[in-house]
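**Q** One structure is given below, represented as structure tokens, and several questions about it will come after.
The values are calculated or read from the model by the stated rules, or taken from the named source; none is laboratory data. Keep in mind it's a predicted model, so treat the numbers as computed, not measured. Neighbour counts run over all protein chains shown; Cβ positions are idealised from the backbone, glycine included. Ligands, DNA and RNA are stripped out before the accessible areas are found, and what is left, the full protein with its side chains, is counted by its heavy atoms. Shrake-Rupley method; radii C 1.70, N 1.55, O 1.52, S 1.80 Å.
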Amino acid sequence: MYALTDMNCFYVSCERLFRPDLAGKPVVVLSNNDGCCVARSPEAKALGIKMGEPVFKLQGLIKRHGITVFSSNYASYANISNRVMAVLEQLCPTVEVYSIDEAFLDLTDMACEASLKGYGFKVKQAIAQYCGIPACVGIAPTKTLAKLANHAAKQYPSTGGVVDVCSKKVQTRLLQCMPVDEVWGVGRRLNQKLRAMGINTAHDLANYPEKLLRQHFSVMLERTARELNGESCIALEEHPPAKQQIVCSRSFSKRVHKLKELAESISCYMTRAAEKLRQQQSRAQLINVFIRTSPFADTPQYSCGASLPLPHPTSDTRVLVKAAKMGLEAIYQPGFAYAKAGVMLSDISVSSFNQADLFTPEIDTQKSQHLMKTIDQINRRFPKALFLASNGTQRGWQMARHHLSPDYLTSWSDLPKARL
């Protein structure tokens, strides 16, 4: 038995947490470079604002209805997410953090609970009380059904934000009223193919012959159909598997022409990628660097990338940044207005000290690992306190965030000040 806990309009809820005056008012949160709407309050949705809609198209609507606009404050959202997950871990012994605003709870051994639906309300109330974030809970015998139950909890206010579909009768009703594209793992292209075959609802998918699903699609969709029928095929993952690729890239707030500015951006992106690499206790042996102009601009176009293998796997920021800058210098061409750059780490392996050979120097020593660990510990306590000089300090190319809210939880200087 599983429960999926999902925060409602998470980015908007995080912003409203420190702005109670915005309760009941339209609010949107924008993507990188303040480009598109990635989170909308129910009031903003009621005004017709769609997910991913460019903000420049909404200026008239924003002024007319007094819509409050925020830039994405990822540091604040991550901090609040960690607090929510800590509350969930106190309520349930087994938790899978699925995303920044979602978590699966394993309720199989929760025999002490007289009512699983009552337990769902208990979870919802605890998150609201200790974190101030509204949530919905879907309870079902499989993770795929729990996803659908959670969707129903959000879609139908009469449920109070908790839906329990443990009984077969309730499961059938849920599947019959859910379009097939609401099923976990059914994307846009797959939805079109399924509808062409007459599979329009989750109920249709659950009752389609499994053998034919496997023949026409894959074993993954067959497994989804089994899950819809109440057969648990997707286990809980308390510890997510390590990523096999780590990518860090951003579009610039303005066009970049000089190699020096591109080098600063590449250094910053590789620094962040290296931190992610060490967080999962891994090392990488292949680096990819890329730069490109904007395909939408009426200017000369250029796009190029470079791959650089390393003699040994490493997670040392200094080594990775040095190699990335070498790759950048090899592909950089003057005379272009660059719009985006990025790095990718691949050929990732678990951290371990390999036997060095006689012909290549060891680049990831215990001393360097200890240094990186110390830097990470300091930066976790004091964000961005230590960084390489190659990252630069005057970063005019950084993504635009003109509507950024204060970092109430991560910066002392942003704390509200009371006047006597």
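**Q** Please go through the range 224-240 and pick out each residue that is open to solvent by less than 40 Å² (accessible area, probe 1.4 Å) and within 13 Å of residue 97 (Cα to Cα).
**A** 236, the sole residue that qualifies.
**Q** Across the range 83-135, which residue is modelled with the highest pLDDT among those that are farther than 23 Å from residue 239 by Cα and of a type in the set (Ser, Thr, Tyr)?
**A** 130
Here is a yes/no grid of residues against (1) modelled with pLDDT of 90 or more; (2) within 24 Å of the chain's Cα centre (by Cα); (3) among the hydrophobic types (A, V, I, L, M, F, W, C):
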{"residue": "315", "(1), (2), (3)": "yes, yes, no"}
{"residue": "325", "(1), (2), (3)": "yes, no, no"}
{"residue": "336", "(1), (2), (3)": "yes, no, yes"}
{"residue": "352", "(1), (2), (3)": "no, no, no"}
{"residue": "361", "(1), (2), (3)": "no, no, no"}
{"residue": "367", "(1), (2), (3)": "no, no, no"}
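**Q** Residue by residue through the range 1-14, note down the ones that are touching a Leu at 6+ places or on another chain (Cβ under 9 Å), open to solvent by less than 10 Å² (accessible area, probe 1.4 Å) and hydrophobic (A, V, I, L, M, F, W, C).
**A** Matches in the range 1-14: 3, 4, 12.
**Q** I would also like to ask the following. Would it be correct to say that residue 386 is in a loop (DSSP other than H, G, I, E, B) and closer than 16 Å to residue 270 by Cα?
**A** yes
**Q** Quick one: is residue 342 under 25 Å from the mean Cα position of the chain (by Cα), at pLDDT 85 or above and not hydrophobic (A, V, I, L, M, F, W, C)?
**A** Judged against the criteria, residue 342 is a match.
**Q** Output the residues belonging to the range 221-243 that are assigned to a loop (DSSP other than H, G, I, E, B) and polar (S, T, N, Q).
**A** The answer is 229, 232.
**Q** Look through the range 398-416, keep the residues that are exposed (fewer than 14 other Cβ atoms within 10 Å of the Cβ) and closer than 11 Å to residue 18 by Cα, and return whichever of them is modelled with the lowest pLDDT.
**A** Per the criteria, the residue is 416.
**Q** Can you name every residue in the range 167-220 that is open to solvent by 60 Å² or more (accessible area, probe 1.4 Å), of a type in the set (Gly, Ala, Ser) and in a helix (DSSP H, G or I)?
**A** 196
**Q** Just the residues that are part of a strand (DSSP E or B), surrounded by fewer than 19 Cβ atoms within 10 Å (Cβ to Cβ) and hydroxyl-bearing (Ser, Thr, Tyr), please, taken from the range 300-349.
**A** Once the filter is applied, which keeps residues that are part of a strand (DSSP E or B), surrounded by fewer than 19 Cβ atoms within 10 Å (Cβ to Cβ) and hydroxyl-bearing (Ser, Thr, Tyr), the range 300-349 yields 303, 307, 346, 349.
**Q** Here is a list: 58, 17. Which entry is at negative phi and buried (at least 21 other Cβ atoms within 10 Å of the Cβ)?
**A** Testing whether each residue is at negative phi and buried (at least 21 other Cβ atoms within 10 Å of the Cβ) leaves just 58.
**Q** Would the range 39-48 turn up any residue that is closer than 27 Å to residue 249 by Cα, among the basic types (Lys, Arg) and touching a helix residue (DSSP H, G or I) at 6+ places or on another chain (Cβ under 9 Å)?
**A** Looking through the range 39-48, at least one residue is closer than 27 Å to residue 249 by Cα, among the basic types (Lys, Arg) and touching a helix residue (DSSP H, G or I) at 6+ places or on another chain (Cβ under 9 Å).
**Q** Condition first: hydrophobic (A, V, I, L, M, F, W, C) and free of Cβ contacts under 8 Å to residues at least 24 places away in the same chain. Can you find one or more residues in the range 26-38 that meet it?
**A** Yes, there is a match, as at least one residue in the range 26-38 is hydrophobic (A, V, I, L, M, F, W, C) and free of Cβ contacts under 8 Å to residues at least 24 places away in the same chain.
**Q** Considering only the range 113-164, how many residues are in contact with a Cys (Cβ under 6 Å, 6 or more places away or on another chain) and of a type outside the set (Lys, Arg)?
**A** Residues that pass the stated criteria total 3.
**Q** Something else: Counting only residues that are of a type in the set (Ser, Thr, Tyr) and part of a loop (DSSP other than H, G, I, E, B), which one in the range 280-299 is nearest to residue 341 (Cα to Cα)?
**A** Out of the qualifying residues, it is 294.
**Q** Can you run down the residue pairs with Cβ atoms below 9 Å, 6 or more apart or on separate chains, where the first is in the range 176-191 and closer than 15 Å to residue 151 by Cβ and among the hydrophobic types (A, V, I, L, M, F, W, C) and the partner is assigned to a helix (DSSP H, G or I) and open to solvent by 70 Å² or more (accessible area, probe 1.4 Å)?
**A** Cβ pairs passing all conditions: 180/195.
**Q** Look through the range 385-411, keep the residues that are among the small types (Gly, Ala, Ser) and free of Cβ contacts under 8 Å to residues at least 60 places away in the same chain, and return whichever of them is nearest to residue 77 (Cα to Cα).
**A** 411
**Q** Within the range 99-114, work out how many residues are without any contact (Cβ under 8 Å) to a residue 24 or more places away in the chain and either assigned to a helix (DSSP H, G or I) or open to solvent by 40 Å² or more (accessible area, probe 1.4 Å) (or both).
**A** Final tally of qualifying residues: 5.
**Q** Moving on. Whether any residue in the range 63-83 is touching a helix residue (DSSP H, G or I) at 6+ places or on another chain (Cβ under 8 Å), open to solvent by 40 Å² or more (accessible area, probe 1.4 Å) and either under 19 Å from residue 406 (Cα atoms) or not polar (S, T, N, Q) (or both) is what I want to check.
**A** Yes, there is a match, as at least one residue in the range 63-83 is touching a helix residue (DSSP H, G or I) at 6+ places or on another chain (Cβ under 8 Å), open to solvent by 40 Å² or more (accessible area, probe 1.4 Å) and either under 19 Å from residue 406 (Cα atoms) or not polar (S, T, N, Q) (or both).
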